[in-house]
1. Out of (1) under 29 Å from residue A:210 (Cα atoms); (2) at pLDDT below 90; (3) crowded, with 17+ Cβ neighbours inside 10 Å, what's the single condition that is false for residue A:162?
2. Looking only at residues in segment B:578-598 that are in contact with a strand residue (DSSP E or B) (Cβ under 7 Å, 6 or more places away or on another chain), modelled with pLDDT of 85 or more and crowded, with 18+ Cβ neighbours inside 10 Å, which one is nearest to residue B:555 (Cα to Cα)?
3. How about segment B:297-312: which of its residues are closer than 25 Å to residue B:478 by Cβ, at pLDDT 85 or above and not in a helix (DSSP H, G or I)?
4. State whether the residues of segment A:51-64 include one that is on the phi < 0 side of the Ramachandran plot, touching a helix residue (DSSP H, G or I) at 6+ places or on another chain (Cβ under 9 Å), in contact (Cβ under 8 Å) with a residue 40 or more places away in the chain and in a helix (DSSP H, G or I).
5. For segment A:151-166, check the following and say yes or no: at least one residue is within 28 Å of residue A:254 (Cβ to Cβ), in contact with a helix residue (DSSP H, G or I) (Cβ under 9 Å, 6 or more places away or on another chain) and within 14 Å of another protein chain (Cβ to nearest Cβ).
6. Kindly provide the set of residues from segment B:536-548 that are loosely packed, with under 15 Cβ neighbours inside 10 Å and at pLDDT below 80, ordered by number.
7. Output the residue which, of all residues in segment B:86-109 that are in contact (Cβ under 8 Å) with a residue 24 or more places away in the chain and over 15 Å from residue B:25 (Cβ atoms), is farthest from the other protein chains (Cβ to nearest Cβ).
8. Identify the residue in segment B:110-120 that is assigned to a helix (DSSP H, G or I) and surrounded by fewer than 17 Cβ atoms within 10 Å (Cβ to Cβ) and, among all such residues, is farthest from the other protein chains (Cβ to nearest Cβ).
């Protein structure tokens with residue numbers, strides 16, 4: 001309830017700010033000032049505040065508040081920026097190559113930002129449904145641990161039973177699967193196909209094995225299942241991190257364009 | 001599975017460090033990690049520590065835990081090697097991506113900026129259709145240096161003044177002398193707040209696609225300067241007022257008098273217009289109804305007035321021989337040479353006064369004559385000094401007239417104008433001088449030698465023409481005056497007099513001369529219908545309505561009104577109580593008592609409510625009060 005009230009307050013505040021900005025235009029027109037200068041500077045300040053979030057993440061040694069708080073403010077300012085842009089462009093398209101490119105950059109930044117927000121909210125929930133949550137950097141160790149454990153089980157099975165079905169299955173199918181991230185595209189779309197595929201392979205093999213080896217196979221299954229989940233986590237967590245590789249450079253490029261835009265505007269101010 | 005995140009089991013993630021272990025992606029990251037320069041520090045799998053007198057293995061669990069062999073006696077790990085090629089941390093990769101992309105884009109922008117491509121690249125959009133001409137280029141509207149980025153920086157910090165920027169627009173759009181001022185006019189010259197340069201860009205914006213060149217339709221634009229803020233037509237707009245927007249019409253026509261008096265007269269009843277549109281014709285653009293030509297309307301009754309036919313004297317008296325008190329001058333022994341005798345009722349006319357005013361010594365006497373303090377016909381009570389001045393005036397008058405006949409360019413001086421027709425017939429002047437002062441050449445030679453001719457009188461022998469014998473457009477001589485009969489409506493000579501005098505109105509004695517010629521009772525009667533406005537330092541003769549400041553517009557055609565009288569009178573209701581003609585005496589265009597009742601805003605707001613029909617200021621009001629003339633010649637020559 002408290003969260004809902006906070007959201008309502010934040011949305012109301014954003015609407016209030018944008019409405020003020022919109023109706024402030026009439027006042028500025030009445031004063032003989034082009035309101036685009038006001039909302040342009042508003043956008044300039046907003047962009048710099050949005051970029052400050054990235055700088056904040058580097059200044060971990062300074063007590064600048066929680067990153068989560070910064071992130072929430074970042075999202076809020078991002079929404080304000082969308083409204084500000086619409087007001088600045090007077091709800092119409094801009095003309096000219098430079099302005100169009102600038103607008104395209106801004107739109108791409110906002111779109112990637114929106115996608116990032118969506119992924120950062122949706123992916124953790126999905127990850128919690130697919131095994132235990134793991135930090136991206138630790139996935140290789142988890143994977144290595146699975147390799148070590150499974151190899152011990154396979155070696156033990158070979159010592160107890162001289163048949164090679166399990167060892168062959170491990171060597172030919174499981175080992176290559178364990179060495180790297182597999183089925184990236186399937187995991188990207190949150191498909192259950194990889195898990196189903198392994199389940200089928202295990203079932204198909206199981207009916208050919210003795211009861212002893214079938215027991216060994218059952219011991220291997222949780223690790224394969226864990227590896228599938230790790231791959232899923234890896235793909236999703238990589239996505240959660242890599243979108244910033246597009247979003248942040250675009251934001252900085254927008255700043256470069258914005259600086260040039262300001263220079264040109266003030267060079268030709270007062271000209272028709 | 002081991003889920004602990006203790007340092008021994010798994011190394012901590014350090015995203016802020018520049019370099020990461022090259023083996024991190026395979027889960028075999030060493031404990032030391034790379035140094036700050038990105039070099040691998042790992043020479044062994046662990047760094048043993050000394051426990052008492054024994055070295056113990058510290059190999060982490062994820063690399064297999066403590067080895068069976070253990071460290072050497074010197075404390076070295078028994079597993080040498082294990083070095084890797086460190087990689088940049090993800091955050092560093094992202095930072096480099098940002099840096100390189102910013103550099104690349106900046107370089108690209110610099111290429112566009114410092115090459116000839118900048119006009120194309122930075123152009124903020126297509127021009128409006130009216131400006132999409134082959135002859136238009138960037139420097140038609142912007143300074144030639146505007147393609148120089150260094151100039152942009154300079155302009156950004158010290159922008160060019162508005163009048164300099166406006167100059168580019170005014171190259172083609174001619175709004176006259178006061179183009180840079182509010183409303184392209186000098187209406188605000190007495191108000192400091194208004195007497196400032198208004199940038200064209202205050203209302204007009206280019207590069208806005210299609211035809212969105214003007215933002216004058218934005219309601220707030222007018223409120224920037226106007227103290228009385230008007231929210232909308234229905235909110236704060238004053239009553240529209242009388243026809244003419246508070247300014248009287250250029251042409252004087254009293255509808256009341258004509259319809260209630262003159263057209264009821266039997267002599268003129270047949271000339272009564274059939275309908276409003278008999279006299280008022282719609283202009284080509286369908287905006288206004290203007291007075292029809294004189295020849296189709298007023299001429300029916302007023303032809304004789306403009307040709308002087310209806311007057312006792314059909315011509316305007318330009319020069320004369322003033323009646324002079326010769327006896328008094330003689331009594332004081334003041335010689336004036338030969339002078340016409342028996343002159344009665346003639347005065348020194350304003351043209352003569354102006355001609356004589358070039359002699360500054362005579363100026364006080366001329367002022368006195370003009371004011372009636374000195375009468376040349378009766379000098380009995382004038383002091384001796386004035387009498388001597390009168391003597392000088394008489395001689396000068398003769399010489400000036402003689403000079404006018406001999407060397408008109410010199411005598412007319414500032415009234416000489418190449419742009420208008422000659423304002424006086426030199427032959428007529430020469431004849432008059434010969435008739436009035438036949439000995440002038442001899443007398444002048446004597447005068448220059450310091451000998452004044454004796455005072456004598458002579459009889460002027462001029463056969464006076466009958467009124468019917470004087471043709472329109474003729475200069476004719478009466479015994480003691482030279483007169484001109486106007487040729488009819490649009491008399492070019494009279495027009496020239498008006499034009500020349502109006503342009504020199506601030507000069508001494510010119511205003512009196514203008515008032516004399518433009519007097520409504522003078523033959524020609526121009527000022528009887530064409531109103532005259534006296535501004536602070538200029539005179540405007542309103543020959544046509546186009547000279548007016550049309551602050552408002554009403555497109556009759558688009559309002560689809562019928563052309564029947566009843567339709568006209570639904571808006572234009574005659575005000576029978578108006579004091580129309582009196583209001584013109586003030587010679588102030590803002591003093592107005594219209595023949596028609598004031599319009600009510602309610603009449604317009606029935607439709608112009610901002611919803612059904614626009615209620616923007618510009619839909620009814622003209623901003624540019626000076627008539628715009630588009631001059632493309634300069635533009636064309638620039639690009640040929």
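1. Just one mismatch for residue A:162, condition (3).
2. The extreme case among them is B:596.
3. Listed by number, the list holds a single entry, B:307.
4. Yes - at least one qualifying residue is present in segment A:51-64.
5. The first filter runs over segment A:151-166 and keeps only residues within 28 Å of residue A:254 (Cβ to Cβ), leaving none.
Checking segment A:151-166: not a single residue is within 28 Å of residue A:254 (Cβ to Cβ), in contact with a helix residue (DSSP H, G or I) (Cβ under 9 Å, 6 or more places away or on another chain) and within 14 Å of another protein chain (Cβ to nearest Cβ).
6. Residues of segment B:536-548 that are loosely packed, with under 15 Cβ neighbours inside 10 Å, as a first pass: B:536-538, B:544, B:546.
Within segment B:536-548, B:536, B:537, B:546 meet the criteria.
7. Residues of segment B:86-109 in contact (Cβ under 8 Å) with a residue 24 or more places away in the chain: B:86-92.
In the following step, the residues that additionally are over 15 Å from residue B:25 (Cβ atoms) were identified as B:91-92.
Working: B:91: 8, B:92: 11 Å.
Among residues in segment B:86-109 that are in contact (Cβ under 8 Å) with a residue 24 or more places away in the chain and over 15 Å from residue B:25 (Cβ atoms), the one farthest from the other protein chains (Cβ to nearest Cβ) is B:92.
8. Of the residues in segment B:110-120, the ones assigned to a helix (DSSP H, G or I) are B:110-113, B:118-120.
Now narrow it down to the ones that are surrounded by fewer than 17 Cβ atoms within 10 Å (Cβ to Cβ): B:110-111, B:119-120.
On the way: B:110: 10, B:111: 13, B:119: 11, B:120: 7 Å.
Selected residue: B:111.
The values are calculated or read from the model by the stated rules, or taken from the named source; none is laboratory data. What you are looking at is a predicted structure, and each value in this text was computed from that prediction instead of being measured. We place every Cβ from the backbone using ideal geometry, glycine too, and count neighbours over all the protein chains shown.
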